[in-house]
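Structure, as C-alpha cells:
The values are calculated or read from the model by the stated rules, or taken from the named source; none is laboratory data. Just so it is clear, the model here is predicted, and its values are computed rather than measured. Glycine gets a Cβ as well: all are built from the backbone with ideal geometry, and neighbour counts include every protein chain shown. We work out accessible area using only protein heavy atoms, side chains counted, and drop any ligands, DNA or RNA first. Shrake-Rupley method; radii C 1.70, N 1.55, O 1.52, S 1.80 Å.
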Amino acid sequence: MSGHILIVDDEVGIRELLSEILTDEGYDVHLAENAEEARGFRAQRRPDLVLLDIWMPDTDGVTLLKEWASNGQLTMPVVMMSGHGTIDTAVEATKLGATDFLEKPVALAKLIDTVNRAIKRGVTPPRRAPGMDLSALGRSPQILELKKRLTQVGGNTAPVLLSGEHGSGFEICAHFLHQPASPWIEIKDRARLLSEPLSFASTLGNGTLYLSDVSELARLEQKGLALLLDRIEGNGARLVCSSSRSLDALVGTGEFDSRLFYRLSSVVIQIPPLREHREDVPDIANFMLTQLVETGVCPLRRLATPALNQLRNFDWPGNLPQLSNVVRTLALTTLTSEIDATDVNRVLAPMKQQAPAVAHGIPLDTPLRVARDAFERMYFEYLIQKEGGSMTRVADRAGLERTHLYRKLKQLNIRHGRRLDENL
C-alpha cells in the first residue's frame, strides 16, 4: 500500500511506534504532537488518512474533528484512537464524521487492517465539501446576535420572515432554523402555487418549507401560498420566507396581500449585509477558498494577510455571492500559491470603478430627472405605507391637492387603492 498518513498523538512513544510500523508497510508518515501542528499540516495538504488521538493537552481530538468538519476540511478518512475510558467518545466521533476508531494499546494486526481499509475507502471520490452554514458566516457581534435570535425562535413553528439585502445569507439562516432529520422543501417552481399549492404539503410532514423572495409573488401566487399556509399550520411544519424588499411598502401600494403579510411576519428577523460585519470577511473568504481547494476546483492556495485586509475593506454591495465570485476568480487566476494584495486589487479594481455613488439608495451619477423621480417614488411609497394607504392623509402630509397627488403617482407608476388609469 501507499499513501500519506498523518499521526496526531501527544505521546512520543506511540507516535514513533505507529510511524515505524506504517512506514514498513509502505506509507509516507507525518507526525503531529498536538492539534496546532495538525491544523498547520492540514492547511498545507490533504493527507490520505489521519490517525487522531482523542485526549491531547491543547485541543482534544473530537474538537479538532468538529473544526475540520465545519470548515470543509474533513475530506479525508479519520480514525480516532482512544484508551479504555474513552471508547464511548470514540464511537460518538464516528457520528461526527470519523471513519473508524482504534483502542489503545493498538494491536499490530488491527492497526494494519484498519488503516488499509480506511485508505481504500479514501480512494473513492472524496465527499462533497459541506456548504456554508451559520458558523462559517463569522463571529462578529452582529452574527452572534443573529444566531441568538434564530436559536430563540427555533423551538416553535410560527412562520419566520427573513429580511435584508440580496445575498446576505437568507438560506443559511433558514437551514439553521431547520430541524435535523426532518424534510426540507424549497418552493422553486412558483407556478405550482397557482396550479397545485397543496402539493408542497404532501411530503412536508414536520419539516421546513422555504420560499425565497416572497415579495416577488404575484397576487394569485400569494393566494396559493395562503392556502398552503392554512394546510401546514398546526401540523408541526414551519414556513420560512425571505424578502429583500419592504413588504410593508408593498402592502401600502396594494401589491401584497395585507392578511398574508401579517401571517408571514409573525416573526421577523433582520439579516445584516456583509459590509455591516466586515470583520468576518477574512474568515468567510478563507472558508470559501478552502471549499474550492478541497473539491478540486483549484490547486492549493492561501490568502496572505494583506490580501485579507483588502477584502475586508471592500463594501461588498453584492454580499456573499459577490465575495464568492471574487474568491473563485482569485483562486483560478492567481499565478502563485499565495494570493496577495496585488491580486485582490487586480480583481476588485473594475468593481470599484463601476460602483456608482449612492445616497439613501439613489444613484448620484444619473441625470437630475432620474434621481428626482427615484427620490419622489421612495418618498410617496413611504407615505402610503405610513398612512395605511389613505390618499387623503398622504395628500395632507405631502402638502398637495388630491388631484395633483393622483397625477404624480400615475406619473411615477406607483400603484395605490385608486386605479391609475382613471380620468383625472
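One residue stands out among those in segment 1-18 that are crowded, with 17+ Cβ neighbours inside 10 Å and without any contact (Cβ under 8 Å) to a residue 24 or more places away in the chain: the one that is farthest from Pro57 (Cα to Cα), which is Leu17. With respect to Ser265, determine if the residue is surrounded by fewer than 22 Cβ atoms within 10 Å (Cβ to Cβ), closer than 30 Å to Ser324 by Cβ and not aliphatic (A, V, I, L, M). So Ser265 fits the description; yes. Could you tell me whether any residue of segment 283-291 is within 19 Å of Ile187 (Cα to Cα) and at pLDDT 90 or above? So far as segment 283-291 goes, no, none of its residues is within 19 Å of Ile187 (Cα to Cα) and at pLDDT 90 or above. Taking the listed residues Thr114, Thr23, the one that is open to solvent by 30 Å² or more (accessible area, probe 1.4 Å) and among the hydroxyl-bearing types (Ser, Thr, Tyr) is Thr23, with no other qualifying. Among the residues of segment 229-252, those that are outside any strand (DSSP E or B) and either closer than 14 Å to Ile384 by Cβ or open to solvent by less than 70 Å² (accessible area, probe 1.4 Å) (or both) comprise Leu229, Ile232, Gly236, Ala237, Ser244, Ser246, Leu247, Asp248, Ala249, Leu250, Val251, Gly252. Sub-9 Å Cβ pairs linking a first residue in segment 334-354 that is over 14 Å from Pro306 (Cα atoms) to a second residue that is open to solvent by 50 Å² or more (accessible area, probe 1.4 Å) and of a type in the set (Val, Ile, Thr), at least 6 apart or interchain, are Val347/Thr329; Val347/Thr333, ordered by first then second residue. The criterion of at least 1 residues that are acidic (Asp, Glu) is met by the following strands (runs of 3 or more DSSP E) wholly inside segment 1-77: 28-32, 49-53. The residues in segment 367-390 that are open to solvent by 70 Å² or more (accessible area, probe 1.4 Å) and farther than 14 Å from Thr253 by Cα can be counted, and the count is 5.
Yes/no matrix, rows are residues, columns are (1) part of a helix (DSSP H, G or I); (2) surrounded by 15 or more Cβ atoms within 10 Å (Cβ to Cβ); (3) touching a residue at least 60 places away in the same chain (Cβ under 8 Å); (4) not aliphatic (A, V, I, L, M):
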site: Arg278; (1), (2), (3), (4): yes, yes, no, yes
site: Ala285; (1), (2), (3), (4): yes, yes, no, no
site: Leu289; (1), (2), (3), (4): yes, yes, no, no
site: Cys298; (1), (2), (3), (4): no, yes, no, yes
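Look at (1) within 30 Å of Met288 (Cβ to Cβ); (2) modelled with pLDDT under 85; (3) open to solvent by less than 20 Å² (accessible area, probe 1.4 Å); (4) of a type in the set (A, V, I, L, M) and you find that Ile414 fails only one, number (1).
Only residues that are in contact with a strand residue (DSSP E or B) (Cβ under 9 Å, 6 or more places away or on another chain) and either surrounded by fewer than 14 Cβ atoms within 10 Å (Cβ to Cβ) or small (Gly, Ala, Ser) (or both) were counted across segment 150-167, and they come to 4.
Of all residues in segment 42-79, those being surrounded by fewer than 18 Cβ atoms within 10 Å (Cβ to Cβ) and either of a type in the set (Phe, Trp, Tyr) or over 19 Å from Thr99 (Cβ atoms) (or both) number 6.
Could you grab me the full set of residues in segment 307-339 that are more than 19 Å from Asp280 (Cβ to Cβ) and surrounded by fewer than 16 Cβ atoms within 10 Å (Cβ to Cβ)?
At the first step, the residues of segment 307-339 found to be more than 19 Å from Asp280 (Cβ to Cβ) are 329, 331-338.
Residues satisfying the conditions are Thr329, Leu332, Thr333, Leu335, Thr336, Ser337, Glu338.
Given the criteria open to solvent by less than 60 Å² (accessible area, probe 1.4 Å), in a helix (DSSP H, G or I), at pLDDT 90 or above and more than 26 Å from Ile172 (Cα to Cα), does Val347 qualify? It is true that Val347 is open to solvent by less than 60 Å² (accessible area, probe 1.4 Å), in a helix (DSSP H, G or I), at pLDDT 90 or above and more than 26 Å from Ile172 (Cα to Cα). Being in a helix (DSSP H, G or I) and either modelled with pLDDT of 90 or more or out of contact with any Cys (no Cβ under 7 Å at 6 or more places or on another chain) (or both) is a description that applies to Leu320.
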